Amino acid sequence: MRLDGVRKEYGETVALDGVSLEIRAGEAVAVMGPSGCGKSTMLNMVAGLDRPTEGSVSVNGEDLGRLDETGLALFRRHRIGMIFQFFNLLDDLPALDNVALAAQLTGVRASQARKRALELLDELGIAGRRDMYPSALSGGERQRVAVARALMNRPALLLADEPTGALDSVAGEQVMDLLLDLNQIGQTLLIVTHDPQLAARCASRLVEFADGRVVGERSLERAA
Amino acid sequence: MKAVWRAARAAVRRRRLQTVVIGLVLTFTTATIVLALALLESSVAPFDRAFEAQRGAHAVVAFDPAVVSAAELAATAELPGVKAVAGPFGQTVVATPPGNELRVPGFGGGRATLVGRPAPDGSVDEPDLWSGRWATAPGEVVLNVLPPYGNGRAPEGDPRPIVVPGGPTLTIVGYASSLSATADGWVSPEQMDALAPTATQMLYRFDDSASQADVDAGMAAVAGALPGGAVLAEQSYLTVKDAVVSGTGQYMPFLVAFGLLGLAVAILIVANVISGAVVSGFRHIGVLKAIGFTPRQVVAVYLVMVSVPAVAGAVVGTVIGHFGSQPLLTTAFRGVGLGEVVINPWVDVVAVVGMPLLVLLAALLPALRAHRLPAAQAISAGSAPRPGRGRRAQLWLSGTRLPRSVSLGLGLPLVRPARTSLTMAAVVLGVMTVTFASGLVASVTEYAKVADRSEAVQVYAHPVDPEAAERMDSESVRATMAGLPGAANVVAEVFIPVSALGYAQGVDIEFIQGETAGMGYTEQLVGGRWIEAPGEVVFSSKLLRQLGKDVGEHVTLTLNGGRKDVLIVGRMMGGVLDNAYADWDLLAELAPGHEVRPDWITYQVQLDEGTDVEGYLAAVRAAEPGLRPEANAGLGQYTVTVISLSTTLTLVLGTVAALGVFNTVVLNARERRRDLGMLKSIGMTPRQVVAMMVTSMAALGVVGGIAGVLLGILVHRQVVPIMGEASQIELPPVLLDVWRPLSLTLLSTAGVAIAVFGAYIPARSAARLPIAEVLHNE
């Protein structure tokens, strides 16, 4: 993934000011910085949820600036998995269908999608909660469902926006372990967080943001 | 209160689209309600209203100027029981020119009554001068004519002067209509003097006038105060009223039904839209409570929030309704001589006060529910559906081979039954309204076609010149007309009042000469069969009720001392022609030698398909110059007015219903912003978002469309016969069977169309939602 001189303006506000960043396959990168420094905006650019005012974003060699809305949707569907602070699950669907949905959008048959979704829920330790609706799940369980959904289409890049921000410490630990495990089996990770412990546990590189710019970058020794 | 006002103002700003939709719905519904109330008010005793507005004459009396002087007549104003008088006016009867092409009542039939009157105002009979000006100089005339539909004719100085044989040429300078029918035309007093008046007209209003006996008593007092033989002729307003009411009264129940429908639909849609707006705000209500608003303040915020657009919409709607309805209703009622409609202030007051009150009531019920809910519960009630709803159906849908966006869309309505019910109610109401209203219009149209026999008879002809008519023999005239190119069949009809034994009132029988098959008579039958022999008659159901007879029974008719026992073989709907049919030969059997003046006869012609009607009319004029042929316009002027009014109401109600659906869909889309953002974040394309949203509404549209059509037909089938009953018209089944497979299909798809149209715009904007913003904000 590569960001080249990305600038993003909202009216007179400059959210990103010439950010350049590169993440290699298999890397786990944490982005930290104070509130409003542009971390989430940068994540949205990478996910194709928003477009830069200047500069370019490419993922897996694909220049997102060349894609129209449908192209971006297909890009997100096939290349990106996203995990949000507040889970963003569909309240109307039980856990299993929330996960299967991502594959079904690509045209995979329901039975196949459910099979893979069940495997993922099983791997994440919540297969027993597959028929529960989000409102009946704990915060940690919801985030695991969200992770399973993000992994459903085997994305090249997993983006996590404050994935432990809404969780208690135990659930947060579980999610950190999960992300670490994923990276260790080769999943590329980009994590935006306020939590230094999360960054230390899961990331191999730390990028520091301030006022819409990259102000520091260093390798991390993963905490045990 | 400041906090409440601020929160409400912020809520209005945040929900701009919803505010606009509520404002629009209120504007349309209030305008509809003004129209409906004004229609209802105008339809109650329309004759009495218009008669009072014109200060109509309870008695129009012609006196012999040789017997009574103008001063003596003027003195009758002081008699006890006489409330007001107008006159004395000079009056004369003039012959209208033969072949006069001016097709106006009273000036085409050979003679007309002219009255010399200085002005159209006065304490009695103020004619509605609807075009041009009053006749103030010699050589000018104002004709007593009903305004044409749309008021698109007859300016001052009509280029077709009236040439009075042996008298002056009169230029038409204006058109007025007098509900009291005091003259066929008015000239200046100077012109009347030149015409040599043969009678003196006086117009009276009495203190007591409710019954014919009251009017007779008033007239007796007047006649008693004058020399014997002074009264030449008199006409009671009740006679005129009967004629007008029998012509227009049959349509009043249709108009009343539309008025009531407009009221009901407007109220239901407003209730639906407003309660939907409040239900969708439950989460916001919870948040307000959580930050310290008391339950009462929360309810106040919501009431203020919906009241702002509601009051604005009600005010704008009342203004539009008032100024839009007045000309519409005036056109409708003026067209039958019922004068200008003035919308009473109470209608505006009810609309402008009542609609916001209705909105408050509709908002109060769900707001009170929110009032009772704890904050946390209100938040969850507004954001998340109860788990498990529609689970089975959703499971089944997700397992089908339908594209996931479509199956998700189909499942959405099952998740929120309350919201689905509101949307469904809006669709059902909309489709039901359009179905019922279009059915009503079709029934009115069908009624007019059956009553006028416009599908069977294309040309009418009347002898216009009494002298020429004297030479006309009905058989030979029919033969002449039938011999012209394009004629398929010609019948002659004459209207003769006869008596029936045991029945005090007369029976008006239309005697028919010629082949009646295919001439539209049988379509008017509601029971029995058509006439096959001279001794058989067909009576209207109203007449049969009055006679206490039924099909298969005999009745004895008498005329000029002749008597004949006839068999009632059929029952017809009645209405405009509230009379009876019989064979021409029966007249000879009933009263041999009874005079049938040739100028009483009407000839009716059925043309071959594709015949040029104008060409045929010209051929008739050439072949028989004493006849005035005219095309059967099909729908009478008033029918056209009623249909136009009904169509306008249908369109307005349909628009209101569509707005109701639109509002519900907007709320749905708004409520699902976060879900839509999430779905887009995992790769749902804009097209899939639109497909999902539109599918969810289309599913409701299909079910609502079918339910709405069925309900509309049911209501139509219940209401139309009640309306017929109110008009004392027994309706033939053809008036109820107005639905055709194509129209039913179109109406059913109207539900889908309303829902899809309502869904498409919010769905498109949902598809364009900035995901990052939505997911961040929600």
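The values are calculated or read from the model by the stated rules, or taken from the named source; none is laboratory data. From a predicted model like this one, the values you see are computed outputs, not experimental measurements. Positions of Cβ are backbone-derived with ideal geometry, glycine not excepted, and every protein chain shown enters the neighbour counts. Calculation scope for accessible area: heavy atoms of the full protein, side chains included, ligands and nucleic acids excluded. Shrake-Rupley method; radii C 1.70, N 1.55, O 1.52, S 1.80 Å.
Among the residues here, B:MET723 qualifies as in contact (Cβ under 8 Å) with a residue 12 or more places away in the chain and more than 14 Å from chain A (Cβ to nearest Cβ). Restricting the range B:578-624 to residues that are of a type in the set (Val, Ile, Thr) and touching a helix residue (DSSP H, G or I) at 6+ places or on another chain (Cβ under 9 Å), the residue that is surrounded by the most Cβ atoms within 10 Å (Cβ to Cβ) is B:VAL605.
Taking the criterion of being hydroxyl-bearing (Ser, Thr, Tyr) and open to solvent by less than 30 Å² (accessible area, probe 1.4 Å), the residues of the range B:288-323 that qualify are B:TYR302, B:SER307, B:THR318. The condition of being open to solvent by less than 30 Å² (accessible area, probe 1.4 Å), within 19 Å of A:GLY48 (Cα to Cα), away from every other protein chain (no Cβ under 12 Å) and in contact (Cβ under 8 Å) with a residue 40 or more places away in the chain holds for only one of B:ALA766, B:ALA755, that being B:ALA766. Report whether or not B:GLY399 is at pLDDT below 75, open to solvent by less than 50 Å² (accessible area, probe 1.4 Å) and within 11 Å of chain A (Cβ to nearest Cβ). It is false that B:GLY399 is at pLDDT below 75, open to solvent by less than 50 Å² (accessible area, probe 1.4 Å) and within 11 Å of chain A (Cβ to nearest Cβ). If you check A:GLY139 against the conditions, is it more than 25 Å from A:ALA199 (Cβ to Cβ) and without any contact (Cβ under 8 Å) to a residue 60 or more places away in the chain? Spelling it out, it is not the case that A:GLY139 is more than 25 Å from A:ALA199 (Cβ to Cβ) and without any contact (Cβ under 8 Å) to a residue 60 or more places away in the chain.
A search for C-beta distances below 7 Å between a residue of the range A:201-212 that is closer than 17 Å to A:LEU189 by Cβ and among the polar types (S, T, N, Q) and any residue that is assigned to a strand (DSSP E or B) and open to solvent by 10 Å² or more (accessible area, probe 1.4 Å), counting only pairs 6+ apart in sequence or on different chains, returns A:SER204/A:SER219. Within the range B:341-373, the set of residues being more than 36 Å from the chain's Cα centre (by Cα) and not aliphatic (A, V, I, L, M) comprises B:PRO366, B:ARG369, B:HIS371, B:ARG372. Based on this model, can you work out whether A:SER35 counts as open to solvent by less than 50 Å² (accessible area, probe 1.4 Å) and polar (S, T, N, Q)? In short, no.
Test A:ASP195 against the stated conditions and say whether it is acidic (Asp, Glu) and open to solvent by 60 Å² or more (accessible area, probe 1.4 Å).
On the way: acidic (Asp, Glu): yes; open to solvent by 60 Å² or more (accessible area, probe 1.4 Å): no.
No, not satisfied.
When A:ASP4, A:ASP92 are checked against the criterion of being charged (D, E, K, R) and either in a loop (DSSP other than H, G, I, E, B) or surrounded by fewer than 15 Cβ atoms within 10 Å (Cβ to Cβ) (or both), A:ASP92 stands alone in meeting it.
Here the range A:7-26 is the region considered, the condition is being within 14 Å of chain B (Cβ to nearest Cβ) and open to solvent by 40 Å² or more (accessible area, probe 1.4 Å), and the residue that is nearest to the chain's Cα centre (by Cα) is A:TYR10. Listed here are the helices (runs of 4 or more DSSP H) enclosed by the range B:415-515 that have at least 3 residues being touching a strand residue (DSSP E or B) at 6+ places or on another chain (Cβ under 9 Å): B:466-470, B:474-483.
Scanning the range B:654-695 for residues that are among the small types (Gly, Ala, Ser), within 14 Å of chain A (Cβ to nearest Cβ) and either within 45 Å of the chain's Cα centre (by Cα) or open to solvent by 10 Å² or more (accessible area, probe 1.4 Å) (or both) returns a single hit, B:ALA691. Within the range A:117-152, the residues that satisfy the criterion of being closer than 23 Å to B:ARG392 by Cβ and open to solvent by 40 Å² or more (accessible area, probe 1.4 Å) are A:LEU118, A:GLY128, A:ARG129, A:ARG130, A:ASP131, A:MET132, A:SER135, A:ALA136. Within the range A:102-115, the set of residues being within 7 Å of chain B (Cβ to nearest Cβ), farther than 23 Å from A:THR188 by Cβ and aliphatic (A, V, I, L, M) comprises just one member, A:ALA110.
Every residue, every condition in (1) exposed (fewer than 15 other Cβ atoms within 10 Å of the Cβ); (2) in the same structural domain as B:PRO625 (by TED's automatic domain parsing); (3) closer than 15 Å to B:ASP583 by Cβ, yes or no:
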| site | (1), (2), (3) |
| --- | --- |
| B:GLY486 | no, yes, no |
| B:PHE495 | yes, yes, yes |
| B:GLU510 | no, yes, yes |
| B:GLY518 | yes, yes, no |
| B:GLU532 | yes, yes, yes |
| B:VAL538 | no, yes, yes |
| B:VAL551 | no, yes, no |
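Can you find a residue in the range A:167-178 that is open to solvent by 10 Å² or more (accessible area, probe 1.4 Å) and within 14 Å of chain B (Cβ to nearest Cβ)? No, the range A:167-178 contains no residue that is open to solvent by 10 Å² or more (accessible area, probe 1.4 Å) and within 14 Å of chain B (Cβ to nearest Cβ). Among the residues of the range A:43-84, those that are more than 10 Å from chain B (Cβ to nearest Cβ) and assigned to a helix (DSSP H, G or I) comprise A:VAL46, A:LEU64, A:GLY65, A:ARG66. For the range B:179-238, which positions are open to solvent by less than 60 Å² (accessible area, probe 1.4 Å) and hydroxyl-bearing (Ser, Thr, Tyr)? Answer for the range B:179-238, where residues must be open to solvent by less than 60 Å² (accessible area, probe 1.4 Å) and hydroxyl-bearing (Ser, Thr, Tyr): B:SER180, B:THR182, B:SER188, B:THR200, B:TYR204, B:SER209, B:SER211, B:SER236, B:TYR237. Take A:VAL99 and tell me if it is in contact with a helix residue (DSSP H, G or I) (Cβ under 8 Å, 6 or more places away or on another chain), aliphatic (A, V, I, L, M) and within 13 Å of chain B (Cβ to nearest Cβ). Yes; evaluated as a whole, the condition is true for this residue. Check the range A:27-42 and report whether any residue there is at the interface with chain B (Cβ under 9 Å from one of its Cβ atoms), over 18 Å from A:ALA148 (Cβ atoms) and touching a Leu at 6+ places or on another chain (Cβ under 7 Å). Checking the range A:27-42: at least one residue is at the interface with chain B (Cβ under 9 Å from one of its Cβ atoms), over 18 Å from A:ALA148 (Cβ atoms) and touching a Leu at 6+ places or on another chain (Cβ under 7 Å).
Among the residues of the range B:426-443 satisfying the criterion of being out of contact with any Gly (no Cβ under 8 Å at 6 or more places or on another chain) and open to solvent by 10 Å² or more (accessible area, probe 1.4 Å), which is nearest to the other protein chains (Cβ to nearest Cβ)? Ranking the qualifying residues of the range B:426-443, first place goes to B:SER438.
Residue check: is B:ALA618 free of Cβ contacts under 8 Å to residues at least 40 places away in the same chain and within 17 Å of B:SER474 (Cα to Cα)? Against the criterion (free of Cβ contacts under 8 Å to residues at least 40 places away in the same chain and within 17 Å of B:SER474 (Cα to Cα)), B:ALA618 does not qualify.
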